Amino acid sequence: MKLFALCLLLATNTLANIGNFTLGSEKTLYIVDGDSISMQMRIAGIDTPEIRQKCSKTQFQVIDCGRLSKNYLKKTLQNLPGELSIEPVGIDYYNRILVRVYKGDVNVGKLMVEAGMAFSYKDTYRKEEELAKEDKLGFWDFYTPPIEPYKWRKKYK
């Protein structure tokens, strides 16, 4: 919870520095209670498996690759040294705030792709994704890696 509060504080301070912006929908906001809101943010340049998106770690072990990726992000943010900084870079189609997330000097989105825990969104980190595949890192070492999240969403949502 402390990490979440810190992220929200840093995000709002960062957004305040770039001036006012308009969201096309209140769907970007999560109403916590009568005097607290949270904003949905999406890490720019990456796409991760959805929660409940299955993949096979071994021939007989099916896992939730979305939760695996989520847990990797959570541990990364907790364990990397340095201050957490969030840099807004735009607003996506779904009115989420697109951000780059850094822990110290580490670009967390890029690290997720390098570790085989995220796909490059379009060509942002294509080279890093190819290297992770070649080195069989993260879910690229699985018996059946997850399909690209946009294909999974199209098929199941």
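Read the figures in this text as sums done on the coordinates, not as results from a lab. Worth saying up front: this structure is predicted, and the values here are computed from it rather than measured.
What to note about this one:
- Full-stretch length increase - Lys127, Ser36 - with 0.36 nm per residue and alpha-carbon distance subtracted: 28.7 nm
- Distance violations [Cα-Cα > 26 Å] among Lys103/Lys157; Lys136/Lys157; Lys57/Lys151; Lys57/Lys103; Lys75/Lys157; Lys74/Lys133: Lys103/Lys157; Lys136/Lys157; Lys57/Lys103; Lys75/Lys157
- Annotation: lysines with alpha-carbon distance below 18 angstrom to Lys155 (same-chain offsets under eight excluded): Lys54.
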